[in-house]
Amino acid sequence: MDAREFLLNECANLNTVLEETLRYEYGVEGSRIFFEECLNRLELIEQLINAASPTSSTALSEYFYKLEELSSLISRIERSSLKEYSWPFLEEFKEISLSACTDPNTTQVDENGNPYPPQVHVLAEGGLSSYLIHVDGRRIPSKRRILTIFFPRTLKHYVLLHPILGHEMGHAIFSIAAYEGLLDKVVEEYLIQKSRFFTSESSIAEWLYTTSVTPKSVSIFLSVIEAELEIDQSNVMTDYIDFVAWKEEFLCDFIGLLMFGPSFLAAQCDLLYSIDSTGSEIGNYHPPTACRVNTMIAAAQILGYDTLKFDTDIQIAVDAFWKSILEKKQLDSWFDVFTNDQIQTTLTKLSAFLSTHKKALYPQPTTERIQPLIKQVLKKIPPVGYEFKLKTVDGELTPDLAFDYSVDFRDILFAGWIAASAGDPSLNFEDANKLCEYGILQQRAIKMMNAEVNKGAV
Amino acid sequence: MSIMSVSRPDASTSMYKHFASLISSYVDAPANSVGADAAIPIESIFKLLEMYRFNAFKDESRRGALALRANGHLSRISKTPSWHGSVLNALNNAKIDTFGAETSTEDAVIELETVLKKLTKNQALEENHKAHTRNFFVQFGNSLG
């Protein structure tokens, strides 16, 4: 077989695999949308290969990668049928995310002229660092976008850590061309160009290598990459740091915080420092953990998350929660790469963007919303916004589901973090997670029931 | 280790050249532009125009927030040339040839996108829009080599 014949054979193989995916179930949304989308993509790639000359190595190499991408996507979707993730969290997450990651500019619209939201598939992956949202690139030939969301398999029920996906949603939003331009401008204009350290490549290198002020932990890391990779001040920006990626990481941290509130900050602190305990590792694509965490702590304080006042017995847990967060703040000002003014302006601009998308922006938390939920978790009751009461009907007591108020799952997560910080030995972190997951599950059930009731009323 | 090292030279120029040829053919045979076969080429070109309009060509697939090291190792970044250099040149050439240098990219793209949306619905096109679209995509395809 020559290369072209081989690729056509692979198209036939992939067609077989695609048909075999139909053996499994894919949750509420079923398999029709992804099957048709993938089949259309496959037929199109096959047409492209057929149209290419057998000697056109450039075209055949290009189509090889298109086929590889599609093959990987189909395999991910097939694995999503295992469903080893917290589906109540996922359904709530979709509610706050889909508007912002729907491309407003497209030829693919429904009968009312509205763009189709992306199709979402979810799967569990090994490893703590597997939190990820895989987004179709814009060069992927497609009609509709498909997102595949990865959760760590071992953290299936750890919903308090899942808000880190707010950061990943930032990347999904950024992958829309119209938003890339807009968001890039915000970060560049209000954060990067105003920073003391990031205005140019040379200023970034100087910030890293000014030995009189560089923290010892950072200097040690820099000496490691010098010894292992021959990276020093002269080539760090060309051969080691992708600063375009760094900017996107800062942006996505802001989006995660604005979408999830304090629970994002808590998840980020725990997860990032579990991987990089010094906070000083300089990544190719990620700024040092301590710079990111310090920036997010400052942002949370600017948003006033730490100023809520609660009843005395609850306030102890709240204070313990914020103490645990502030313990993650590196006190060396070298890690404070942005001023409060820069952070404040960036928050304002990004809040304005997110507020145009339904439910994307986390509403400013209030004591009235959060306190009852904390009390429920501390009593080992799943935190929800309703009370189960009895009422008298024809002289007999009967159950009365009083739907007092709808609870935002992000409030449940904030309350869960506070309760987990209370120091109650009978409520460990795993228990707090499970209670919150049950709370989100029950709230989800109430929402679905209310929707049915309302449908009936109409 | 994988059986061979693969770079990703996915500039997508061959695909875009093929799609450009299809779009220019749809202008004169709009009945062919409706339906599943045409939907992906039209949407793909539409997305390319969006990248051009907003100068938003990054199109990178980022690793997760916690994936601080590639495969757990320290490494240098790979220096691959940006994927879109030749595509952007071809878009600029086609735009200047079709609309003139004085027309903004925004105005040119909006006109082309309007045509693409109409093509998906088999709606009538204005003659000057037909001419612009035909010329733009012929020039774009030619510039891609």
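The values are calculated or read from the model by the stated rules, or taken from the named source; none is laboratory data. Treat the numbers as computed from the prediction; the structure is a model and nothing was measured. Methodologically, a virtual Cβ is constructed for each residue, glycine included, from the backbone with ideal geometry; neighbour enumeration extends over all protein chains shown. These area figures cover heavy atoms from the full protein model, side chains too; ligands, DNA and RNA do not enter into them. Shrake-Rupley method; radii C 1.70, N 1.55, O 1.52, S 1.80 Å.
Of note:
- Compared with the dominant Cα axis of chain B, that is its longest principal axis, helix B:36-53 is turned about 70°.
- Sorted from greatest to least, the principal axis extents spanned by the alpha carbons of the range A:160-303 come out as 40, 32, 26 Å.
- Taking GluC sites (Glu not before Pro) across the range A:49-157, the ones in a DSSP loop with at most 16 further Cβ atoms lying within 10 angstrom of their Cβ are A:84, A:111.
- Each principal axis of the Cα atoms in the range A:367-454 has its own extent, and those three values, largest first, are 47, 27, 23 angstrom.
- Placing +1 on each Lys and Arg Cβ and -1 on each Asp and Glu Cβ, with no other charges, gives chain A a dipole about its Cα centre of roughly 1020 debye.
- Solvent-accessible area of residue A:154, all protein chains in place: 100 Å² (probe radius 1.4 Å, heavy atoms, ligands and nucleic acids excluded).
- For A:46-54, mean number of other protein chain Cβ atoms within 10 Å: 2
- 3J(HN,Hα) from dihedral phi, the range A:8-17, Karplus parametrisation 6.51/-1.76/1.60, rounded to Hz, x for glycine, proline: 5, 5, 5, 4, 5, 4, 5, 4, 4, 4
- Förster-model FRET efficiency, 45 Å R0, residue B:92 and residue A:332, C-beta, rounded to 0.05: 0.45
- Spread of Cα-to-Cα distances over 10 Å intervals beginning at zero, given as percent, for the range A:3-156: 10, 36, 34, 17, 3, 0
- Heavy atoms of residue A:307 accessible to a 1.4 Å probe, total area in Å² rounded to 10: 90
- Based on protein heavy atoms only, chain A ends up with 42 Å² per residue of surface accessible to a 1.4 Å probe.
- By accessible area with a 1.4 Å probe, ligands and nucleic acids excluded, highest first: order of B:79, A:94, A:83: B:79, A:83, A:94
- Compactness of the protein assembly as shown as Cα Rg over 2.2 N^0.38 Å, two decimals: 1.04
- Residue among B:41, B:30, B:81 with the largest mean-square fluctuation in a Gaussian network model of chain B, springs linking Cα atoms under 10 Å: B:81
- Coordinate range of the alpha-carbon atoms in the range B:66-114 per principal axis, descending: 50, 21, 14 Å.
- Pairwise FRET efficiency - residue A:307 versus residue A:206, Cβ, R0 = 30 Å, nearest 0.05: 0.25
- Formal net charge of residues neighbouring residue A:258 (Cβ-Cβ distance under 13 Å; K, R +1; D, E -1): +2
- Evaluating 6.51 cos²θ - 1.76 cosθ + 1.60 at θ = phi - 60° for every residue in the range A:153-161, the Karplus couplings come out as 4, 6, 9, 3, 9, 8, 5, 5, 8 Hz, glycine and proline recorded as x.
- Note on the range A:180-354: dipole from Cβ charges, positive end direction compared against A:314, A:186, A:284; the farthest Cα belongs to A:314.
- The amide H of residue A:24, built 1.01 Å from its N in the peptide plane, has no neighbour under 5 Å, considering only residues 5 or more places off or on other chains.
- Checking the Cα-Cα distances for A:66/B:58; B:47/B:79; A:94/A:247; A:94/A:358; A:66/A:143; A:309/A:447 against a 20 Å cut-off, the pairs over it are B:47/B:79; A:94/A:247; A:309/A:447.
- Within the range B:1-121, the ratio Rg/Rh, alpha carbon atoms throughout and Rh by Kirkwood, equals 1.08.
- Helical contribution to [θ] at 222 nm, DSSP H n ≥ 4, -39,500 (n - 2.57), averaged over chain B, rounded to 500: -19000 deg cm²/dmol
- Helix B:85-99 and the longest principal axis of the C-alpha atoms of chain B enclose an angle of approximately 20°.
- FRET efficiency for residue A:57 and residue B:76, using Cβ-Cβ distance with R0 set to 35 Å, rounded to 0.05: 0.80
- For B:44, A:175, the ranking by accessible surface with the largest value first comes to A:175, B:44, using a 1.4 Å probe.
- Each helix, a run of at least 4 DSSP H residues, gives -39500 (n - 2.57); summed and divided by the residues of chain A, these come to -17500 deg cm²/dmol at 222 nm.
- Within a straight-line Cα-Cα reach of under 17 Å, residue B:121 can be paired with the following aspartates and glutamates, leaving aside sequence neighbours fewer than 8 residues apart in one chain: A:110, A:111, B:28, B:37, B:43, B:111, B:113.
- Highest-fluctuation residue, B:80, B:103, B:120 considered, GNM on chain B with Cα pairs under 10 Å: B:80
- Virtual paramagnetic centre 7 Å along Cα→Cβ of residue A:227, amide N under 18 Å, in the range A:272-289: A:278, A:280-282
- Taking the Cα centre of the range A:3-156 as reference, the dipole from Cβ charges on Lys and Arg (+1) and Asp and Glu (-1) amounts to some 300 debye.
- Counting Lys and Arg as +1 and Asp and Glu as -1 over every other residue whose Cβ lies under 13 Å from the Cβ of residue A:360, the net charge comes to +1.
- Calculated diffusion of the range A:94-175, Stokes-Einstein form, Kirkwood radius summed over Cα pairs, 10 °C and 1.306 mPa s, µm²/s: 116
- Amide H partners (placed H, <5 Å) of residue A:125, local residues excluded: A:151, A:153
- Beta bridges assigned by DSSP with both partners in the protein assembly as shown are antiparallel in approximately 65 percent of cases.
- Most fluctuating residue given options B:132, B:84, B:73, as computed from a GNM of chain B linking Cα atoms under 10 Å: B:73
- Evaluated with a Cβ-only charge set (Lys, Arg +1; Asp, Glu -1), the range A:346-392 carries a dipole of roughly 140 debye about its Cα centre, given to the nearest 20.
- With N the number of residues in the range A:65-118, Rg(Cα) / (2.2 N^0.38 Å) evaluates to 1.45.
- Three-way shape label, the range A:190-275, alpha-carbon gyration tensor, a/c 1.5: prolate
- Label-to-label distance for residue A:1 and residue A:105 is 4.0 nm, based on points extended 7 Å past Cα in the beta-carbon direction.
- Residue-by-residue Karplus 3J(HN,Hα) for the range A:413-430, coefficients 6.51, -1.76, 1.60, Hz, glycine and proline x: 5, 4, 4, x, 4, 5, 4, 5, 8, 5, x, 6, x, 8, 10, 8, 4, 5
- Accessible area buried, both sides summed, chains B and A with 1.4 Å probe, Å²: 5200
- Heavy-atom accessible area for residue A:73, with the other protein chains in place and a 1.4 Å probe, reaches approximately 0 Å².
- Farthest toward the positive end of the dipole of the range A:3-156, out of A:13, A:155, A:112, is the Cα of A:155, where the dipole comes from beta carbon charges about the Cα centre.
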